[in-house]
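Engineer: Dropping the structure in here first, questions after.
The values are calculated or read from the model by the stated rules, or taken from the named source; none is laboratory data. Just so it is clear, the model here is predicted, and its values are computed rather than measured. Cβ: placed from backbone, ideal geometry, glycine included. Neighbour counts: every protein chain shown. These accessible areas exclude ligands, DNA and RNA; they are computed on the full protein's heavy atoms, side chains included. Shrake-Rupley method; radii C 1.70, N 1.55, O 1.52, S 1.80 Å.
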Amino acid sequence: MKNPKCLLWCIMCCLSCSDRYANAFTTIATSFLPRSFSVATTTTTKFVPGVMKDVTMAKKFRENQGKNMQRHATNSFVSEREVSSADSTDLTLTTVFDFDTTTMDTSLDNETATKKIAVESFERIDDAIMGGISTSSLRDVPGETYASWSGVCRTDGGGFCGTRTLPFREPLDVCGSDGLLVDCRLASDNEPERRVWKVTMRTDTSRGEMVYQAAFPLPKRQDEVEDKKWTRVKVPFSDFKLVRGPRVVVGAPALNATGGIYQIGFSLSKFVIGVNTTELEGFRPGYFDLQLRQVGFYADKAATSLGVSIPDTLSKQEVEKKRPILLKVLLPLVKLFFSEKVQRRKSAMRILTQKRGLSRAGAIRYGIRCRAKAHGLLASLFKTASIFATDSFRTVFFTIIRLCLLYPIRVISGTIRFVKKKVLGMDVKELPKME
């Protein structure tokens with residue numbers, strides 16, 4: 001373990017092992033991310049013009065999509081309700097999240113209330129938690145019969161986007177169900193096979209890094225007619241495996257949903273689910289837009305519908321109040337060293353120095369000029385000075401961690417392993433090195 005940042009990562013993971021500080025790392029890392037992050041407001045685009053390509057494409061796509069929806073308004077209802085015939089088997093359906101405004105819940109004041117509640121039940125969980133710069137959000141599309149999970153997935157420092165529900169107050173009773181069902185369609189492009197699409201579920205109240213996960217395929221569209229059709233994805237419970245990140249936990253028990261489901265999530269990733277970390281060959285980074293119509297559970301029985309049952313989730317404020325005191329103390333420190341702005345600034349520096357051929361000083365001057373155009377020279381110089389001061393503090397802090405904590409731990413650990421192996425003759429398992 002040569003990097004002190006890895007040590008902080010391990011400390012957070014150790015905290016997550018106890019019931020009292022469950023999911024400490026993930027909670028800290030995601031707490032400073034915005035609930036809904038618009039692709040068009042990505043901060044990196046203000047610093048490096050070259051990274052605006054995906055954002056511009058996303059804007060054009062949404063503008064054209066709006067025009068196409070108006071053009072086909074006369075027959076949109078019929079096409080919106082169609083599901084690919086290959087997936088239209090007899091099923092018993094239990095809808096959990098309904099994003100279709102044509103399905104009105106009479107217990108609510110208006111037909112959009114169900115959709116609004118469903119969208120607000122989800123939160124963002126992108127690769128910013130591990131130093132990446134990908135962004136995504138699940139957002140309502142007013143007047144349409146779906147919600148849009150869209151964003152920009154980048155491989156620089158990460159390589160995945162995700163959205164998941166807030167914690168359920170009570171577990172979802174899925175007894176009698178055979179798996180999870182999603183009606184969706186990829187609207188941004190026709191290369192679904194160049195990404196790994198995953199669905200996740202939790203069977204307990206923890207929010208740690210270990211979850212049950214399964215990959216699901218999205219078929220390619222064959223013609224313009226299929227552009228409007230929905231793909232019905234069925235993921236059997238037997239397909240789910242316990243994973244830590246993209247890696248399968250060997251020897252872990254199979255998914256047991258009899259105690260209920262506490263969380264549902266989706267992710268787009270460059271990593272294939274497996275025993276070892278494996279990247280998908282030919283992965284397509286950049287903009288994506290997966291439209292969701294409904295999420296629920298199915299049973300292979302006679303075709304019926306059990307209606308909509310939206311689970312009651314904790315609010316963001318309630319989640320924050322339930323944080324242990326230790327997390328509240330560490331949160332400002334984590335924000336300083338692992339914030340998304342810091343990662344984007346580092347990524348921009350790499351692009352300017354490695355791909356554009358600028359020196360570090362030249363990249364800093366370029367940043368000053370760009371900020372001066374938007375905010376004035378004085379504000380730009382002040383911002384640059386504050387960034388320099390923050391980065392200097394980070395360097396000093398990690399140097400202290402390395403000298404006072406990391407190196408002593410390595411010496412003590414090596415001594416203990418030597419005594420066990422050479423003196424006591426014990427079998428010592430070699431742990432993988434963390435670079």
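Each row is one residue, and each column tells you yes or no for (1) surrounded by 13 or more Cβ atoms within 10 Å (Cβ to Cβ); (2) more than 30 Å from ARG350 (Cβ to Cβ); (3) free of Cβ contacts under 8 Å to residues at least 60 places away in the same chain.
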{"site": "ILE364", "(1), (2), (3)": "yes, no, yes"}
{"site": "ALA372", "(1), (2), (3)": "yes, no, yes"}
{"site": "LEU381", "(1), (2), (3)": "yes, no, yes"}
{"site": "THR384", "(1), (2), (3)": "yes, no, yes"}
{"site": "ARG394", "(1), (2), (3)": "yes, no, yes"}
{"site": "PHE397", "(1), (2), (3)": "yes, no, no"}
{"site": "LEU405", "(1), (2), (3)": "yes, no, no"}
{"site": "LYS422", "(1), (2), (3)": "no, yes, yes"}
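Engineer: Do any strands (runs of 3 or more DSSP E) lying entirely in the stretch 111-167 carry at least 3 residues that are among the hydrophobic types (A, V, I, L, M, F, W, C), and which ones are they?
Structural biologist: 147-153
Engineer: Here's another thing I want to ask about it. For GLU209, work out the one condition from (1) in contact with a Cys (Cβ under 8 Å, 6 or more places away or on another chain); (2) under 30 Å from SER315 (Cα atoms); (3) at pLDDT 95 or above it doesn't fulfil.
Structural biologist: Every listed condition holds for GLU209 apart from (3).
Engineer: Could you check how many residues of the stretch 339-362 are aliphatic (A, V, I, L, M) and touching a residue at least 60 places away in the same chain (Cβ under 8 Å)?
Structural biologist: 3
Engineer: Let me ask another. For the stretch 409-420, give me the residue count where each residue is surrounded by 11 or more Cβ atoms within 10 Å (Cβ to Cβ) and either closer than 30 Å to ILE368 by Cα or not basic (Lys, Arg) (or both).
Structural biologist: The number of residues fulfilling the criteria is 5.
Engineer: Has the stretch 285-298 got any residue that is surrounded by fewer than 16 Cβ atoms within 10 Å (Cβ to Cβ) and on the phi < 0 side of the Ramachandran plot?
Structural biologist: no
Engineer: Right, here's the next one. Let me spell it out: the conditions are (1) farther than 28 Å from LEU327 by Cα; (2) touching a helix residue (DSSP H, G or I) at 6+ places or on another chain (Cβ under 8 Å), and ARG207 meets all of them except one. Which number is the exception?
Structural biologist: For ARG207, the exception is condition (1).
Engineer: Quickly run through the stretch 387-401 and pick out the residues that are over 30 Å from ARG371 (Cα atoms) and at pLDDT 85 or above.
Structural biologist: THR399, ILE400
Engineer: Condition test on LEU180, is it in contact with a Phe, Trp or Tyr (Cβ under 8 Å, 6 or more places away or on another chain), in contact (Cβ under 8 Å) with a residue 40 or more places away in the chain, part of a loop (DSSP other than H, G, I, E, B) and not β-branched (Val, Ile, Thr)?
Structural biologist: Criteria not met by LEU180.
Engineer: Scan the stretch 248-258 for residues that are in contact (Cβ under 8 Å) with a residue 24 or more places away in the chain and out of contact with any strand residue (DSSP E or B) (no Cβ under 7 Å at 6 or more places or on another chain) and jot them down.
Structural biologist: VAL250, ASN256, ALA257, THR258
Engineer: Need pairs with beta-carbon distance below 8 Å; first residue over 20 Å from ARG195 (Cα atoms) and at pLDDT 80 or above and within the stretch 218-241, second among the acidic types (Asp, Glu) and buried (at least 16 other Cβ atoms within 10 Å of the Cβ); sequence gap 6+ or separate chains.
Structural biologist: PRO236/ASP178; PHE237/ASP178
Engineer: Any residue in the stretch 191-210 that is over 14 Å from the mean Cα position of the chain (by Cα), over 23 Å from LEU138 (Cα atoms) and among the small types (Gly, Ala, Ser)?
Structural biologist: The answer is no, given that none of the residues of the stretch 191-210 is over 14 Å from the mean Cα position of the chain (by Cα), over 23 Å from LEU138 (Cα atoms) and among the small types (Gly, Ala, Ser).
Engineer: Still on this model: Can you tell me which of (1) open to solvent by less than 50 Å² (accessible area, probe 1.4 Å); (2) under 16 Å from LEU180 (Cβ atoms); (3) of a type in the set (A, V, I, L, M) is the one ALA252 doesn't meet?
Structural biologist: Status for ALA252: all satisfied but (2).
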